[in-house]
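Each reported figure results from applying straightforward, stated rules to the coordinates on display, with no laboratory input. Being a predicted model, the structure only gives us computed values, none of them experimental. We place every Cβ from the backbone using ideal geometry, glycine too, and count neighbours over all the protein chains shown.
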Amino acid sequence: MFTLAHFGVKYTLLMVEQKLIQVDLVALVEDQDSLNPIVILHDVIANRLLPIWIGDPEARAIAVALENKKMSRPLTHRLLVNVVEKTGGKLSRIVVDRLKGKTYFATMYIRVGKKEISIDARPSDAVAIALEAFAPIFVVKEVMDAGSQPNPFQNMTIQQEKREFKKEDIEKLRALLLQARAREEQTL
């Protein structure tokens, strides 16, 4: 076990069965072939990327959270965070913890007093909610090992701001996504 402090909140993680890797969301891109959105998570320590294909509504929610847009009425993911917080809970973390075939699964962990509740979620929803709640994002090591690729951007710095990609960066990203798609098609 170890204690982790994040945004001033301390919580303890049991690390016996699963090793967790904290990741940062570095990009929300669109697959040029299928036009599906992809969220890209970055393992800073091993400098590798995990692309996860997601749905359009979740991509919009993630984009709103990334751009820190204030909406006149709460969108679904903000609404869920509000419900959790108004009922005395706090999202402590989300974990992308399973990969079955080419589908990723996640768990959200909500702390209510001394009790922690785990809730099954799609990674796209969990990421959107984590961004809204300023909660850390983790990936189980085995899942990261199975789905990630080396980072082609060797000098990448992680910043949650809009970034303009150079033409050669776009080609590297396209190659990364083609490799990820080929790997997923092999698992079918």
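Just a few scattered comments:
- Orientation-averaged projected area, Cα convex hull of the range 33-125 (nm²): 7.9
- The residues packed around residue 124, meaning those with a beta-carbon under 12 Å from its beta-carbon, carry a net charge of -1 if Lys and Arg are +1 and Asp and Glu are -1.
- Checking every one of the GluC sites (Glu not before Pro) in the range 51-155 against DSSP loop status and a limit of 12 other Cβ atoms within 10 Å picks out 67.
- Electrostatic tally near residue 133: other residues with Cβ closer than 14 Å to its Cβ, Lys and Arg +1, Asp and Glu -1, net +2.
- Neighbour-limited loop hits for trypsin sites (Lys or Arg not before Pro), the range 18-108 (at most 14 other Cβ within 10 Å; DSSP other than H, G, I, E, B): 19, 69, 70
- Between residue 27 and 40, the built amide H atoms are under 5 Å apart, and every one of these is 5 or more places off in sequence or on another chain.
- Net charge, residue 69 excluded, C-beta distance under 12 Å - Lys, Arg +1, Asp, Glu -1: +1
- Amide hydrogen neighbours beyond the local backbone of residue 19, cut-off 5 Å, H modeled: 141, 142
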